[in-house]
1. Using Cα centres only, tell me the gap between segment 7-26 and segment 129-152 in whole Å.
2. Taking only protein heavy atoms and a 1.4 Å probe, what accessible area per residue, in Å², does segment 2-145 have with all protein chains in place?
3. Taking all protein chains as present, what is the carbon and sulfur share of the accessible area of segment 122-174, in % to the nearest whole number, probe 1.4 Å?
4. If you place +1 on the Cβ of every Lys and Arg, -1 on the Cβ of every Asp and Glu, and leave all else neutral, what size is the dipole of segment 49-168 about its Cα centre, to the nearest 20 Debye?
5. First check a/c for segment 27-186, with a ≥ b ≥ c the square roots of the eigenvalues of its C-alpha gyration tensor; if it is under 1.5, answer rounded, and if not, answer prolate when a/b is larger than b/c or oblate otherwise.
6. Placing +1 on the Cβ of each Lys and Arg and -1 on the Cβ of each Asp and Glu in the chain, which of SER39, VAL75, VAL51 has its Cα farthest towards the positive end of the resulting dipole?
7. Given a Förster radius of 35 Å and the C-beta distance between ASP158 and ARG16 as r, what FRET efficiency does 1/(1 + (r/R0)^6) yield to the nearest 0.05?
8. Which helices count as membrane-span-like in the chain under these terms: full DSSP H, at least 15 Å along the axis by C-alpha, Kyte-Doolittle mean of 0.5 or more?
Amino acid sequence: MTELPGPEVRKRIRWRVWQQLPLLVALVVLWMLLWGTVSWISVLSGILVAVVVTRVFYLPPVELSGRLNPFWLIVFLGRFFFDVVVASFQVAGQAFRPRGVRSSAVIAVDLVTASDFITTLTAIAISLIPGSLVLEVDRDRSILYLHAIGVEDLEEADQVRRKVLSVERAIVRAIGSADDVERTRA
């Protein structure tokens, strides 16, 4: 006779299902968009494909903090769009000046948080701002390696590092865990 799992095991299973649910829904929606139709067969086949894909190509679940601060999210988004506009004009200015872009640098930035999710969002945000591109992420040590144009000396490289850390801090304030918020304050 087999024993039923205890309440702690059932709770963990429910939590894993809730963590995977957004991914499964996104895959089903993607499947329906690929087929260009919404029907019972596309929904059911999408669910089947999503379950098979998540089991065959297993990725560890993303640890979300469960915290969202709407005020800091709006601040981050406003600042991000401002940075994109300002950097666009700076890059355009560098591209059209007579001497062109004469210098660039590959810069390592030690992030404060160890969260894969925050690291990913920081890398995406930095790559979307013109003038810099994330080349590599050292996940184990939370280091972003990025290419930045127009960097001529160590002071400008430090400015780029401070910029990346301020983007990370803004993301942490918006959606990071309480521990991450404390770490970015220090």
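The values are calculated or read from the model by the stated rules, or taken from the named source; none is laboratory data. Because the structure is predicted, anything quoted here is derived from the model rather than measured. Positions of Cβ are backbone-derived with ideal geometry, glycine not excepted, and every protein chain shown enters the neighbour counts. Accessible surface is based on the protein model in full, side chains and every heavy atom, while ligands, DNA and RNA are left aside. Shrake-Rupley method; radii C 1.70, N 1.55, O 1.52, S 1.80 Å.
1. Here the answer is 34 Å between Cα centres.
2. Heavy-atom accessible area per residue stands at 74 Å².
3. Ligands and nucleic acids excluded, carbon and sulfur reach 52 percent.
4. That gives segment 49-168 a dipole magnitude of about 340 debye.
5. Numbers: a/c = 2.17, a/b = 1.61, b/c = 1.35.
Prolate, since a/c reaches 1.5 and a/b exceeds b/c.
6. Of the listed residues, the answer is SER39.
7. Details: r = 42 Å, r/R0 = 1.21.
Taking R0 as 35 Å, the efficiency between ASP158 and ARG16 is 0.25.
8. Details: long enough: 7-35 (41 Å, 0.57); 40-56 (24 Å, 2.09); 70-96 (39 Å, 1.44); 116-128 (18 Å, 1.62); 154-175 (32 Å, -0.06).
Qualifying helices: 7-35, 40-56, 70-96, 116-128.
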